[in-house]
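Presented below is the structure to which this report refers.
Any read-out appearing in this document is the output of simple, stated calculations on the displayed coordinates, not a laboratory observation. Bear in mind that the values here come from a model prediction, so they are computed numbers and not experimental data. Cβ sites come from the backbone with ideal geometry, for glycine too, and all protein chains shown count toward neighbours.
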Amino acid sequence: MPLTEAQLQAAARGAYERSRLSKAVAVAAPVAVLPALSFWLGTSLASATLLGGALVAAVLLVVWRGGAVALSGAVGLKAGVVPLAFAHAAKLFGHVCTPAGCTTLCVPACATGGVIAGALVEWWARRSPRAHLTRGLGAGVALMTGALGCSCVGYAGVAALLVGLAASMVAGRFVSRGTPA
């Protein structure tokens, strides 16, 4: 018995969605290394599991959705590696002592990484046909990625990352007021 047009369309749609899901899993699988690496470098198991799970789920979702959403997620993932690397590098040095006292490097590293990540997201957004999507989704994924490392001192590191990210994106908007977004 031959298939009806509706059955053929349903079969084609199912194959299409399975293919998209397969691609999303293939892209998100390497991202799952980031929480494992962060845990190995000293992030708590709870933070690595919670933040890493959220990051992998976000990457799965944006890649499955495709198009401008996937590109915006990729922007955020690339930008978020900066504060992630800065935070883990700061943990290697531990703290710095000066005549004025000792201080940890994690919070300043997270803030600096956030500033750079925000600038990168804003730079990519200025070149994107869907700038608001790139800003919002890119910043969210960058925050999740960077938070894997910036949770080194708890909420203070993640807050520093968020403040740095937001400040540089807002500053980038004011600096580029004269050019179309």
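Using a cut-off of 14 Å between beta-carbons, work out the net charge of the residues near Gly118 (Lys and Arg +1, Asp and Glu -1, Gly118 not included). Let's see the in-between values first.
Working: positive: Lys78, Arg126, Arg135, Arg173; negative: Glu122.
Charge balance near Gly118 sits at +3.
Do me a favour and compute the ellipsoid semi-axes for the range 6-90 from its Cα gyration tensor, root of five times each eigenvalue, largest one first, whole Å. Present the calculation step by step, with values, prior to reporting the outcome.
Numbers: eigenvalues 204, 37, 13 Å².
Three semi-axes, in Å: 32, 14, 8.
Hey, what's the Kirkwood Rh for the chain if you take every pair of different alpha carbons, in angstrom?
17.5
For the chain, what does the helix formula give at 222 nm: sum of -39500 (n - 2.57) over DSSP H segments with n ≥ 4, over the residue count, nearest 500 deg cm²/dmol? Spell out each step's value before the answer.
Working: 7 runs with 145 residues, N = 181.
About -27500 deg cm²/dmol.
In nanometres, what is the gap between the two model label sites at Thr4 and Ala159, each 7 Å from Cα along Cα-to-Cβ?
Inter-label distance under the simple model: 6.1 nm.
Out of Leu50, Ala24, Leu84, whose Cα points farthest toward the positive end of the dipole of the range 1-158 (charges: +1 Lys, Arg; -1 Asp, Glu; placed on Cβ)?
Towards the positive end, the residue furthest out is Ala24.
Taking amide H positions as placed 1.01 Å from N in the peptide plane, with prolines and chain starts having none, which residues 5 or more places from Leu105, or on another chain, fall under 5 Å of its amide H?
The list, which skips near neighbours in sequence, is Val96.
List the residues whose amide H sits under 5 Å from the amide H of Ala32, counting only those 5 or more places along or on another chain, with H placed 1.01 Å from N in the peptide plane.
Sorted by chain and number, the residues that satisfy this come to none at all.
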